Amino acid sequence: MVIQPLSRKDKKDVLTLLSEVTKDLKMNGIDQWDFFYPNRFLIEGDLKRSHMHGVREDGKLIGIVVLEDRESKKHEQIDWMIKGRAAWIHRLAVYPDYQGRGLGKQLLHFAEDLAQQKGYECLRLDVYSGNPGAIRLYEKTGYIYRGQVHYPMRKHPYFCFEKTLSFEARKPS
């Protein structure tokens, strides 16, 4: 599968994917995403700045990941290990019918490789503590828990994770 940059013309497909993922999360008792987040304004910004990448199968968008270097003020309180250049992973999502096939891990590795190519020293992310599947993915792929932040209108905190990037070439998995 080829992971490619997405553009503004992909907005409708991205919003459809996120709507389906949000429904699936809710159906599984995970109140991570809703009408307010992720919203179309956020998605438009991701696409405009060329920070979103996606993968398609038979023309259908089945997974996305956002890689950027903007940090929220909330994250300044975290005791990060790496003081150098950090990239951030946001909005990693896989269409429900395609989950469990390793696509999330592929998108994560893609973001790591892209961050390395751009000279970042580490990757950071926050993940809803009420989403145990996502937490397992990040822990299994070498991300280290560094603290937590709280967002308005969220029942549970978000766990902050960090991973040092090595500059060795990744072996295909």
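Nothing in this text is a laboratory measurement; each read-out follows from the coordinates by a stated rule. Only a predicted model underlies this, so the values are computations on that prediction, with no experimental measurement involved. Methodologically, a virtual Cβ is constructed for each residue, glycine included, from the backbone with ideal geometry; neighbour enumeration extends over all protein chains shown.
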> Given the conditions (1) assigned to a helix (DSSP H, G or I); (2) touching a His at 6+ places or on another chain (Cβ under 8 Å), and given that Arg124 satisfies all but one, which numbered condition is not satisfied?
Replying inline: (1)
> What residue, of Asp31, Asp46, Asp79, is in a loop (DSSP other than H, G, I, E, B) and surrounded by 14 or more Cβ atoms within 10 Å (Cβ to Cβ)?
Replying inline: Asp31
>> Can you tell me how many residues within region 158-171 are surrounded by fewer than 16 Cβ atoms within 10 Å (Cβ to Cβ), in a loop (DSSP other than H, G, I, E, B) and either of a type in the set (Ser, Thr, Tyr) or touching a residue at least 24 places away in the same chain (Cβ under 8 Å) (or both)?
In response: 3
> Can you name the residue in region 109-157 that is among the aromatic types (Phe, Trp, Tyr) and surrounded by 16 or more Cβ atoms within 10 Å (Cβ to Cβ) and is also nearest to Met27 (Cα to Cα) among such residues?
Replying inline: Tyr128
> What number of residues within region 1-28 are among the hydrophobic types (A, V, I, L, M, F, W, C), without any contact (Cβ under 8 Å) to a residue 60 or more places away in the chain and not in a helix (DSSP H, G or I)?
Replying inline: 2
> How many residues does region 119-145 hold that are under 18 Å from Lys83 (Cβ atoms), among the basic types (Lys, Arg) and over 13 Å from the mean Cα position of the chain (by Cα)?
Replying inline: 0
